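This report concerns only the one structure given below.
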Amino acid sequence: MADPLRHPSEPPPRVSLDIDLDAPGRRHGYLTVPWSRDDSAWGSVLVPLTVVVGTAGPGPTLLFTGGNHGDEYEGPIALMKLAASLDPAQVAGRVIVVPAMNLPAVLAGSRVSPVDGVNMNRAFPGDRRGGVSAMICAFVTEELVGRADAVVDIHAGGKTLDFVPSAVVHDLPDAEQNKRTRAALKAFGAPLGLVLTELDSAGMLDTTVEEAGKVFVSTELGGKGLATAETVAVADRGVANMLRHFGLVEGAPDTPEPSRLMHTPDAACFIQSRHAGLFEPLVDLGALVREGQVIARVHPVEESGGRPAEYRAARDGLFYCRHARGLIRRGDCLAVLAVDLDDA
Ligand code: CA
């Protein structure tokens, strides 16, 4: 197999894939990742994977991933449906679908893997000699990202955050790559298209793909540890739009309402809790807030009659992301504000 991102000094992979990624047709298979443990001495994790190599003509390779974090459900739902329905006769190019990339976390309904405690989106580009999560990351980097022209990694807020449904990209230093990425962001067709400044980008799949010079689109399609009909519909349409945008399937992207383009230009957009207690939001997601406006209170839960801490918006913006639990702790992300982006 081609191994474009593998350094010659790297050890051989310990994982194996039971399907051919290159021959025409649609195949469903498993990535087998060794996981020797107390209750299964020669056991493994079987990560499901589908490849559709189209027969409608040549074209690019598009990689879709879901379940990077195991408590985010729109990606696995939309991608299971895609894997079951995509017809190679209608595809020009190749589509690789990994609906539950961090399968142990998806099965546990947890953000991080219960196998090794690893947050998969802090473990890229992976390590062939590492644990289960690191081996999955290394395979995705070498064999899947290595083959892909563009990657769409579908996220949501998980159990602890909630977002205005959005497609998300980063500002990239390469002007041409940035232009291609912005075009894909708009084509996804989410209600909001966000150019996000990451608080901590090391180890992300995003960074691995972007540094390889490829187009990367992520999403934040809601949260609270569940999917809704609305957020799944955004995922379904976005997946279909990506296939059309990159020319794998005929037709133009279906974007009846253009995405509202926004960004998070400075630290004032990110509000962190300095208190622990009961979280009282004073606005809901999507609200427009003004600088100085009280947007949330944190009530001390262990005393009656105490004064709550007030959290004010440090700038005008849209209430884009919020803490999604009734209790909040010191250091938790309380809210993120987004600001309109002029991308003319
Ligand atoms: Ca996530």
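Name the shape class, rounded, prolate or oblate, that the alpha-carbon gyration tensor gives for segment 288-344, where a ≥ b ≥ c are the square roots of its eigenvalues, rounded holds for a/c under 1.5, and otherwise prolate holds if a/b is larger than b/c and oblate otherwise. Judged from the Cα gyration tensor, segment 288-344 comes out prolate (a/c at least 1.5, a/b above b/c).
In the full protein context, the chain carries 44 Å² of accessible surface per residue, based on a 1.4 Å probe and ignoring ligands, DNA and RNA.
Here the Karplus relation 6.51 cos²θ - 1.76 cosθ + 1.60, evaluated at θ = phi - 60°, turns the backbone of segment 306-317 into coupling constants of x, 8, x, 7, 9, 10, 10, 5, 8, 6, 5, x Hz, with x for every Gly and Pro. For segment 102-161, taking the reciprocal of the average inverse distance between every pair of different Cα atoms yields a Kirkwood hydrodynamic radius of 12.2 Å.
Cα convex hull, the chain: 144 Å³ per residue, rounded to a whole number. Ranked from largest to smallest solvent-accessible area, with a 1.4 Å probe on the protein heavy atoms, ILE77, ILE136 come out as ILE77, ILE136.
Rounded to the nearest whole Hz, the Karplus-based 3J(HN,Hα) values (6.51 cos²θ - 1.76 cosθ + 1.60, θ = phi - 60°) of segment 20-37 follow the sequence 7, 8, 10, 7, x, x, 10, 9, 10, x, 9, 8, 9, 10, x, 9, 7, 8, with x at glycine and proline.
Using only alpha carbons, segment 151-294 has a radius of gyration to Kirkwood radius ratio (Rg to Rh) of 0.98.
Taking amide H as placed 1.01 Å from N in the peptide plane, the amide H of ILE19 sits under 5 Å from that of TYR30, each at least 5 places away or on another chain. Note on ARG297: accessible area approximately 70 square angstrom, rounded to 10, probe 1.4 Å, nucleic acids and ligands left out. Of the whole protein surface, PHE319 contributes about 0 Å² of accessible area at a 1.4 Å probe radius.
Separation of segment 142-205 from segment 13-61 is 24 Å, based on Cα centroids. Considered as an equivalent ellipsoid built on the Cα gyration tensor, segment 232-329 has semi-axes of 38, 16, 10 Å, the largest given first.
Among GLU230, GLU10, the order of accessible area from largest down is GLU230, GLU10, computed with a 1.4 Å probe on protein heavy atoms. Against the criterion of solvent-accessible heavy-atom surface with a 1.4 angstrom probe, THR219, THR255, THR207 sort, most first, into THR255, THR207, THR219.
Taking the accessible area of the chain, probe 1.4 Å, and keeping the other protein chains in place, the carbon and sulfur fraction comes to 53%.
For the chain, averaging the sequence separation of C-alpha pairs within contact (under 8 Å, six or more residues apart) and dividing by the residue count gives a relative contact order of 15 percent. Classify segment 205-248 as rounded, prolate or oblate, taking a ≥ b ≥ c as the square roots of the eigenvalues of its Cα gyration tensor: rounded when a/c is under 1.5, otherwise prolate if a/b is larger than b/c and oblate if not. The shape class here is oblate. Taking all protein chains as they are arranged and a probe of 1.4 Å, the heavy atoms of TRP35 leave approximately 80 Å² accessible to solvent.
The values are calculated or read from the model by the stated rules, or taken from the named source; none is laboratory data. All figures in this text were calculated on a predicted structure; none of them were measured in a lab. Keep in mind that these areas ignore ligands, DNA and RNA; they rest on the heavy atoms of the full protein, side chains included. Shrake-Rupley method; radii C 1.70, N 1.55, O 1.52, S 1.80 Å.
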